[in-house]
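Undergrad: Mind having a look at this structure? Questions to follow.
The values are calculated or read from the model by the stated rules, or taken from the named source; none is laboratory data. Just so you know, these numbers come straight off a predicted model, no measurement behind them. Cβ placement follows ideal geometry from the backbone for every residue including glycine, while neighbour counts extend to all protein chains displayed.
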Amino acid sequence: MKALVEQVEGILKFRGKRLTKQRRLIIETLKNLQGHFDVQDLHRRVEEADHRISLSTVYRTVNLLKELGFLRALDIGEGYTLYEVVPEFEHHHLVCIRCGRIVEFHCEHCEAIHRRLAENYGFEIVSSQVVLQGYCPKCRKELNTEAL
């Protein structure tokens, strides 16, 4: 994760900005977050190290990291957004609309479709995001039980 701090710092310097103590702490906190998180999760963790960092500072930093390509937003529906550090390998998501469970999956067929679309339309696809929403096995079972 140190590489992430250094990468962000390099890009910010190139843009004439600096890596503030607050931004550094927020980025360093990301290494302790596993998987997907929302801004409030990240803010709670950052507050443990420095209670003076505001939620709005965390939001601005998350937006900056997203703009720089280090974070990816995942819209899981109903206006709720989760984030993840951009993974080394492309993956997609299954999201349970009842309990919020997220399953990451790799899809070779999706990659083939993306290549074909890029070829057909002359696009250079740099990233993609597939979010399939439905019910996980546990929630399906509970819903079937409730229906009886």
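Undergrad: Looking only at residues in the stretch 109-134 that are hydroxyl-bearing (S, T, Y) and within 21 Å of the chain's Cα centre (by Cα), which one is modelled with the highest pLDDT?
TA: S128
Undergrad: Turning to a different aspect of this structure: Which of the residues belonging to the stretch 58-86 are of a type outside the set (A, V, I, L, M, F, W, C), in contact with a Lys or Arg (Cβ under 8 Å, 6 or more places away or on another chain) and not in a strand (DSSP E or B)?
TA: Passing the criteria: T61, K66.
Undergrad: Which pairs have Cβ atoms under 9 Å, sit 6 or more apart or on different chains, and link a residue in the stretch 26-38 that is assigned by TED's automatic domain parsing to the domain that holds L82 to one that is exposed (fewer than 12 other Cβ atoms within 10 Å of the Cβ) and basic (K, R)?
TA: E28/K2; K31/K2
Undergrad: Would it be correct to say that I76 is of a type in the set (A, V, I, L, M), at pLDDT below 85 and surrounded by 12 or more Cβ atoms within 10 Å (Cβ to Cβ)?
TA: Working: of a type in the set (A, V, I, L, M): yes; at pLDDT below 85: yes; surrounded by 12 or more Cβ atoms within 10 Å (Cβ to Cβ): yes.
Spelling it out, I76 is indeed of a type in the set (A, V, I, L, M), at pLDDT below 85 and surrounded by 12 or more Cβ atoms within 10 Å (Cβ to Cβ).
Undergrad: Being in a strand (DSSP E or B) and touching a strand residue (DSSP E or B) at 6+ places or on another chain (Cβ under 7 Å), is that true of even one residue in the stretch 105-124? Full working, then the answer.
TA: If we filter the stretch 105-124 for residues that are in a strand (DSSP E or B), which is where we start, we get 105.
In the following step, the residues that additionally are touching a strand residue (DSSP E or B) at 6+ places or on another chain (Cβ under 7 Å) were identified as 105.
Within the stretch 105-124, one or more residues are in a strand (DSSP E or B) and touching a strand residue (DSSP E or B) at 6+ places or on another chain (Cβ under 7 Å).
Undergrad: Before we move on, is H114 in contact with an Asp or Glu (Cβ under 8 Å, 6 or more places away or on another chain), buried (at least 16 other Cβ atoms within 10 Å of the Cβ) and farther than 30 Å from Q22 by Cα? Working first, answer last.
TA: On the way: in contact with an Asp or Glu (Cβ under 8 Å, 6 or more places away or on another chain): no; buried (at least 16 other Cβ atoms within 10 Å of the Cβ): yes; farther than 30 Å from Q22 by Cα: yes.
Judged against the criteria, H114 is not a match.
Undergrad: If you don't mind, there's one more thing I want to ask. What number goes with the only condition from (1) within 30 Å of R15 (Cβ to Cβ); (2) free of Cβ contacts under 8 Å to residues at least 40 places away in the same chain; (3) of a type in the set (F, W, Y); (4) in contact with a strand residue (DSSP E or B) (Cβ under 9 Å, 6 or more places away or on another chain) that Y83 does not pass?
TA: If we test Y83 against (1) within 30 Å of R15 (Cβ to Cβ); (2) free of Cβ contacts under 8 Å to residues at least 40 places away in the same chain; (3) of a type in the set (F, W, Y); (4) in contact with a strand residue (DSSP E or B) (Cβ under 9 Å, 6 or more places away or on another chain), just (2) comes out false.
Undergrad: Which count do you get for residues in the stretch 3-34 that are hydroxyl-bearing (S, T, Y) and either at pLDDT below 90 or more than 20 Å from the chain's Cα centre (by Cα) (or both)?
TA: Count: 1.
Undergrad: Could you list, ordered by first residue, the pairs with Cβ atoms under 9 Å in which the first is in the stretch 39-56 and farther than 10 Å from I26 by Cα and the second is assigned to a loop (DSSP other than H, G, I, E, B), at least 6 apart or interchain?
TA: From residues that are farther than 10 Å from I26 by Cα, the pairs are D41/L33.
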